[in-house]
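Reviewing the structure listed below.
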Amino acid sequence: MTRTRWRPWALLAICVLAAVLYGWTLGSAGWGNAYYSAAVKSMSQSFTHFLFASFDPAGVVTVDKPPMGLWPQVLSVWIFGYSGWAVLLPQVIAGVAAVFLLHRTVRHWAGEHVALLAALVFALTPITVAINQDNNPDTLLVLLLVAAAYALTRAVQHGIPAGSTTRWLLLAAFLIGCGFLTKMLQAWIVVPVFLAAYLVAGIGTVRRRIADLVAAAGMLVVSSFWWVAVVDLWPGEKPYIGGSTDGSALDLVLGYNGLGRIFGRGAGGGPGGGTPPPGVEAPSGMMGGGGFGGTAGPLRMFNEQNGGQISWLLPLCAVVLIVVAVTVFRRGVSGQVRAGWVLWGGWLLVTGAVFSFAEGIFHPYYTTMLAPAVAAVSAAGARELWQRYRAPGFLWLLLPWAVAGTAVWAFALTSRDTGWQGWTRWAVAGIGGFAVLALVIGRLPRGVLVRRLGAVAAVAGLLLTPAVWSAEKAFAGTAGAMNGTNPTAGPATAGMSGRDGLRLGPGGQAPGGASGGGQPPGGPQGGAQVPNGGPPPGGGLRLGTGGGFGGRGTELTAEQRKILDYANAHSRGAQIVLAVEGGSMGASAFLINSEVTVIGMGGFSGGDPAPSVDQLTRWKAEGKLAFVLSEGPGGRGGRGGATGRATWIEQNCKLVDPGAYGGTATGPKLYSCLT
């Protein structure tokens, strides 16, 4: 094999590694995020449900995201049938495709060796492994943004025709727009970085560059907002847009998925904004306080929730970016090289800053959007530091210092929970110490072999712990997701902490009807488990009728199955057999496991005004609604837009005796709305 023919095989090996890590649990991973999996089933049943991303088969309310992140999953279900592995398969494919595309992008910028290292770092990032085993939209978002980076990199290549430059730039804008239709304004975080990278490249006249950017801006707006326009201008009946305050997609863009994410409670509508329910203190890490990602601030990416997911190589990246900032704009550096550093360095800094200081809902898995930039900057930076290490002068010290600092940080991260893979901290300390010593000795005359050993040890040592975390997540499935809604890698406490997790208000109540008891309603038969097998430090979660955050919320309990069978047998041909109160946490299991028309009331968190009281009244008058499963005004049904529904149910429907379907008096309440 020649010196170059091994490279395609190396890339293939990295892609295979990624496929194994992301797809190992494909047949046993369940349904991922039950909220989205239930919606995929509904979306596969009609074109309008597909277009709007309807959560339920009756088209009452949509998911609280645009539909593109779910479209590949629906296509997979159309091909293979509705199953958990069919829903998750597109995520594995998209994850591997992102690794491949990152390699091709970095190769055009920094060469083959750097590209291979970047692809390996990306594939082994713990949070990327976790999210690619799930069906949240972040996997597709990352793929689209990496593809956009590839298009931009091609657009700033010297020597290509001007028309090709424009076409590549338009493609980059289009792909970012597709990212917008996957997770809305989060995709636009990198837009200023792409703009700066194109301007830095200096290709063509100023007039030509401005004209290209104007055309790209038009493409970005059209590709981002066509769905918003279609939804809001739709002339016929349509589902309520989940997460919005007025049922419009534009409100979802500007509110819950826009300003509400940045500025927190009160800046946007939907579940992420507004005032918390009575008796609930909005926790740092829940409503308006950053999700499960900890308190907003400059150190958020390094805290207990996010540090082990993404921060392993951030000390190395910091050293690299400081060095590059001083040297990259000197004479003799090509515009393409400058553009690459602006693109990847800017991606890391701008996205990291937005994530760090965002006051709205924030989950650790959002940090997977940083992974491509971390991989590119650390890989290209390793080469930069290696070049300075081999050159005369004192700058050779930068490499051993960067290796030492990154190893120390890995030791500190692992030391936070020594009961989980604690051996890796000593392994990193030993390998890192050897690497630093070898690099120092390698500066001596005839130290070529030693310095090469030091370089290999440095790469192995710095990737060891993230690789272990990723492998443990891939093969053992530890640190499972809270019903797929908060996937993380690492120890079982990853993604939550006693300081920044749920803070319970009076009576032990947490947002959305959760409580600190750690016991599902109705005891162990209530159909749910608390996250990761036990309550989070400082308080547990009380779950709703369908399983709530934790455990296997996609499985119906024996009592829930009896309720569903009873409702179906006594529905008298009603269009809607069962309406389940309690948001997606109450309804997802029924939607996934039922072939009759079951709807979830209230959107994701139960607070959306869908169906409205007027809609319920019409359904009852027309005989369309058979049964409602509700906890009543005192339960989850008593908050937000669901308050009126709970009262309406009490006044207009008849409570069914639990003995009629073999239920228990302490279980959820079934109401008959048939006349």
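Counting only protein heavy atoms and a 1.4 Å probe, tell me what percentage of segment 1-150's accessible area is made up of carbon and sulfur. All intermediate terms of the calculation are to be shown ahead of the outcome.
Working: 3250 of 4710 Å².
C and S atoms contribute 69 percent here.
Cross-link list LYS473/LYS562; LYS473/LYS669; LYS41/LYS669; LYS238/LYS624; LYS183/LYS669: which exceed 29 angstrom alpha carbon to alpha carbon?
Values: LYS473/LYS562 35 Å; LYS473/LYS669 38 Å; LYS41/LYS669 26 Å; LYS238/LYS624 17 Å; LYS183/LYS669 36 Å.
Check vs 29 Å cut-off fails for LYS473/LYS562; LYS473/LYS669; LYS183/LYS669.
Arrange the peptides 164-172, 384-392 so that the one whose residues have, on average, the most other Cβ atoms within 10 Å appears first.
Working: 164-172: 19.6, 384-392: 15.7.
Ranking, from highest mean packing down: 164-172, 384-392.
Could you do me a favour and compute the accessible area per residue for segment 62-119, 1.4 Å probe, result in Å²? Numbers along the way, then the final one.
Values: 1730 Å² over 58 residues.
About 30 Å² of surface per residue is accessible.
When you count, for each residue, the other Cβ atoms within 10 Å and take the mean per peptide, how do 294-302, 603-611 rank with the highest first? The partial results should precede the final answer.
Working: 294-302: 17.9, 603-611: 26.3.
Packing proxy ranking, top to bottom: 603-611, 294-302.
Note down the magnitude of the dipole of segment 344-426 about its Cα centre, charges +1 on Lys and Arg C-beta and -1 on Asp and Glu C-beta and zero elsewhere, to the nearest 20 debye.
Values: 5 positive and 3 negative charges, 65 e Å.
Charge dipole, segment 344-426, about its Cα centre: 320 debye, nearest 20.
Quick one: putting +1 on the C-beta of Lys and Arg, -1 on the C-beta of Asp and Glu, what dipole do you get for segment 376-489 around its Cα centre, in Debye to the nearest 20? Before the final figure, lay out the partial values.
Values: 10 positive and 3 negative charges, 103 e Å.
Value, rounded to 20: 500 debye.
Looking at the square roots a ≥ b ≥ c of the eigenvalues of the Cα gyration tensor of segment 332-490, which shape do they give, rounded for a/c under 1.5, prolate if a/b is larger than b/c, or oblate?
Numbers: a/c = 2.66, a/b = 1.32, b/c = 2.01.
Since a/c reaches 1.5 but b/c is at least a/b, the shape of segment 332-490 is classed as oblate.
Would you mind computing the Rg to Rh ratio of segment 6-64 from its alpha-carbon coordinates, Kirkwood style for Rh?
On the way: Rg = 17.5 Å, Rh = 13.7 Å.
Across segment 6-64, the Cα-based Rg/Rh ratio is 1.27.
Rank-order 136-149, 647-660, 425-438 by packing density, defined as the average count of other C-beta atoms within 10 Å over each peptide's residues, highest first.
Details: 136-149: 26.8, 647-660: 15.1, 425-438: 18.7.
Taking the mean over residues of other Cβ atoms within 10 Å, the ranking is 136-149, 425-438, 647-660.
Can you give me the C-alpha center-to-center distance between segment 410-469 and segment 104-169, rounded to a whole angstrom?
Segment 410-469 and segment 104-169 have Cα centres spaced 28 Å from each other.
When the convex hull of the C-alpha atoms of segment 56-111 is computed, what volume per residue in Å³ does it have? Walk me through the numbers before you get to the answer.
Working: hull volume 5.7 nm³, N = 56.
Measuring per residue, one finds 101 Å³ for the Cα hull of segment 56-111.
Put +1 on the Cβ of each Lys and Arg and -1 on the Cβ of each Asp and Glu in segment 73-203; which of PHE80, LEU169, ALA148 then has its Cα farthest toward the positive end of the dipole?
My answer, from the dipole projection, is LEU169.
Short version: ³J(HN,Hα) in whole Hz for each residue of segment 649-658, in order, from phi by Karplus 6.51 cos²θ - 1.76 cosθ + 1.60 (θ = phi - 60°), x for Gly and Pro, what are they?
3J(HN,Hα) across segment 649-658, in whole Hz: 4, 4, 8, 10, 10, 9, 5, 8, 4, x.
Determine how many Å³ per residue the convex hull of the Cα atoms of segment 8-146 encloses.
Numbers: hull volume 14.2 nm³, N = 139.
That works out to 102 Å³ per residue.
Can you check what the Kirkwood hydrodynamic radius comes to for segment 118-167, Cα pairs only, in Å to one decimal? List each step's numbers first, then the result.
Values: mean 1/r = 0.0781 Å⁻¹.
Final number for the Kirkwood radius of segment 118-167 is 12.8 Å.
The values are calculated or read from the model by the stated rules, or taken from the named source; none is laboratory data. For clarity, every value in this text was computed on a predicted model and none was experimentally measured. In this analysis, Cβ positions are derived from the backbone assuming ideal geometry, glycine residues included, and neighbour counts consider all displayed protein chains. To get the accessible areas, we keep the full protein, side chains included, count just its heavy atoms, and leave off ligands, DNA and RNA. Shrake-Rupley method; radii C 1.70, N 1.55, O 1.52, S 1.80 Å.
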